[in-house]
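Here the structure comes first, spelled out in structure tokens, and everything after it is commentary.
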Amino acid sequence: MAEVNENIQHRQKLWGGRFTEENNPLFVRFNESLSVDYRLLPHDIKATKAFTQALSEIAVLSEKELHKLHQALDEIEKETRENPSLIQQAIYDGVEDVHTFVEQSLVDKIGELAYKANTGRSRNEQVSCATRLWVLEHIDILLHLTKALQNALVEQAQENIDVVVMGYTHLQQAQPITWGHYFLSFYEMFKRDCARLLDVKKRVNISPLGMGAIAGNSWNLDRKKMAENLGFADIVQNSLDAVSDRDYIIELLANISLIGVHLSRFAEDMIIYSSSEFNLVEMSDLVATGSSLMPQKKNPDAMELIRGKAGRLNGYLIALLTTVKGLPSGYNKDLQEDKEALFLAVDSVSNMIKVTTITVQSLTIKRNKNYDHSLCVATELADYLARKGIPFRKAHHIVGQLTAYALACSKSLSQLSLGEFRQFSAEIKEDVYPILTIDSAINSKTAIGGTAVANVALAIAEINRDIENGM
Ligand code: ARG
């Protein structure tokens, strides 16, 4: 809670008429949301301008009054932008929320006329309208940041298109792939994340303005025109739904959680891959730290924080789902808790994406990894036998036995002699050796989506075409 000003100036509340006593100062602190929702100020002002415009069209406000109101609203926006301490002071003075702040600032500027601005309008529709505008703006920012990360991934894929790296399943060596293929796998995850953001945008992009506190608006406002003025694609259809719908925030938080999961999985790879035991990558000094005691250390703090913060993103989603799940129909004050989760999640994931982008851009791939002694071409040998007509399951068994043999004599598969091979299958001939190379294993995966270098080159070309077309 913000600091308690024991001498709160009891400014007129938006709802004070039926009250005879002032609020307890501690409750004023408990109840306020200005310290969080001040970030909606430009959006609330934008919505208030559209609403008063609509009021002027039904002659509640004259042209002159409208002009005066809009001028004052512009001034409030400019003054608070230039002097954020005005908000600090208002929080200290116990102003309830951003909507109250705008209305009281209007009163300070233009007196009585300010009281007309909210004719027929409730904060319930106001908060949803301003939040929707904020969310729309930030979905675009998230899309932009994610695209930058995708570009960094594609650049690394291009640079390391044929550099070999082990592919792991169960974190055990599985089959060789290329770094090009690896980076494109994350490109695909973020592509889905962008598609999800664009999808949720459709459900955010509808205006609740003109829905009142719960039952609707009786002033014959042109809701569609108001929505259009605000840049919304459509309007919310039902007033009871409008004032308590927070699905669009929950959906965004779910999308953010999933972005966090993808970032965290990448981070986990980088943490493991940069350890001396794996020694596959080196994190740049830009995003690593040292130890205060052990001079030799280079720690992947950036990646660890991303893994850590991803957990908190899930927390914001669960927090809001839990807040909403038990609410009776209509607006309830519990909903005020939505914005803290929303703002923290968007801020945090934005920083996570930015830091990951820098990490990807500055990452060094160790190019000289030698997998000659790995058994990771065993599947190639099973395929070889299957091509000779042995049913795959049998071929698999034979190669299993060969693997056990190779392990027992500390050899790689390609180091076995033809004589040794033929103890296990007469089908194995001299032509087996070329297929037991890492290169051959990689470049045989030519079906679309496989790791063959030519495939990855094609995928990159397609992605670059999409990028050029602004997709
Ligand atoms: N600060 C409130 C919120 O964020 C605004 C809506 C207040 N409405 C009300 N009926 N008290 O939800």
Item checked: Positions within segment 354-401 being over 39 Å from the mean Cα position of the chain (by Cα) and modelled with pLDDT under 95, in sequence order -> D372, H373
Next item on the list: Only residues that are of a type in the set (V, I, T) and over 17 Å from G111 (Cα atoms): list them for segment 61-84, please.
Entry: T80
Note to self: Need pairs with beta-carbon distance below 7 Å; first residue assigned to a loop (DSSP other than H, G, I, E, B) and small (G, A, S) and within segment 315-336, second within 11 Å of the ligand (Cβ to nearest atom) and at pLDDT 95 or above; sequence gap 6+ or separate chains.
What the structure shows: S329/S244; G330/I214; G330/V243; G330/S244
Check: Does V36 satisfy the condition of being more than 20 Å from N229 (Cα to Cα), aliphatic (A, V, I, L, M) and either out of contact with any strand residue (DSSP E or B) (no Cβ under 7 Å at 6 or more places or on another chain) or outside any helix (DSSP H, G or I) (or both)?
Finding: yes
Item checked: Count of segment 270-319 residues which are among the charged types (D, E, K, R), within 21 Å of the chain's Cα centre (by Cα) and surrounded by fewer than 17 Cβ atoms within 10 Å (Cβ to Cβ) -> 3
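Where in segment 68-187 are the helices (runs of 4 or more DSSP H), entirely inside, with at least 3 residues that are within 24 Å of S444 (Cα to Cα) and away from the ligand (no atom under 16 Å from the Cβ)?
Values: elements: 85-92, 98-110, 123-159.
Helices (runs of 4 or more DSSP H) meeting the threshold: 123-159.
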Checklist line | Close pairs (6 angstrom Cβ cut-off, 6 or more residues apart or separate chains): under 17 Å from K325 (Cα atoms) in segment 244-268, surrounded by 21 or more Cβ atoms within 10 Å (Cβ to Cβ) and among the small types (G, A, S) anywhere | finding: L253/A345
Notebook entry, point to check: Restricting attention to segment 58-91, which residues are under 23 Å from E340 (Cα atoms) and surrounded by fewer than 17 Cβ atoms within 10 Å (Cβ to Cβ)?
Noted result: R81, N83, P84, S85, L86, Q88, Q89
Next item on the list: Hey, could you check segment 57-66 for residues that are part of a helix (DSSP H, G or I) and farther than 29 Å from N205 by Cβ and say which is nearest to the ligand (Cβ to nearest atom)?
Entry: E65
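Pick from segment 327-351 the residues that are within 8 Å of the ligand (Cβ to nearest atom) and not basic (K, R): which of them is nearest to P208 (Cα to Cα)?
Y331
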Check: Checking N255 against (1) on the phi < 0 side of the Ramachandran plot; (2) surrounded by fewer than 14 Cβ atoms within 10 Å (Cβ to Cβ), which single condition isn't satisfied?
Finding: (2)
Margin query: Looking at I390, I365, I353, can you tell me which residue is over 26 Å from N314 (Cβ atoms) and either in contact (Cβ under 8 Å) with a residue 40 or more places away in the chain or in contact with a Gly (Cβ under 6 Å, 6 or more places away or on another chain) (or both)?
Written below: I365
Next item on the list: Scan segment 359-387 residue by residue and report those that are over 20 Å from S444 (Cβ atoms) and surrounded by 17 or more Cβ atoms within 10 Å (Cβ to Cβ).
Entry: T359, V360, Q361, L363, I365
Notebook entry, point to check: Quick one: in segment 29-56, which of the residues that are within 13 Å of the ligand (Cβ to nearest atom) and more than 30 Å from S218 (Cβ to Cβ) is surrounded by the fewest Cβ atoms within 10 Å (Cβ to Cβ)?
Noted result: F30
Checklist line | The one condition in (1) charged (D, E, K, R); (2) touching a Cys at 6+ places or on another chain (Cβ under 9 Å); (3) buried (at least 22 other Cβ atoms within 10 Å of the Cβ) that K147 fails to fulfil | finding: (3)
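Out of everything in segment 13-28 that is within 16 Å of the ligand (Cβ to nearest atom) and under 40 Å from the mean Cα position of the chain (by Cα), what residue ends up being farthest from D108 (Cα to Cα)?
Among them, the one singled out is F27.
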Item checked: Sole residue being closer than 26 Å to N160 by Cα and crowded, with 18+ Cβ neighbours inside 10 Å, chosen from V399, V456, V432 -> V456
Note to self: Suppose we filter segment 251-279 for residues that are over 19 Å from I318 (Cα atoms) and among the β-branched types (V, I, T); how many remain?
What the structure shows: 2
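The values are calculated or read from the model by the stated rules, or taken from the named source; none is laboratory data. These figures come from a predicted structure and were not determined experimentally. Ideal geometry is used to build each Cβ from the backbone, glycine not excepted, and the neighbour counts take in all protein chains shown.
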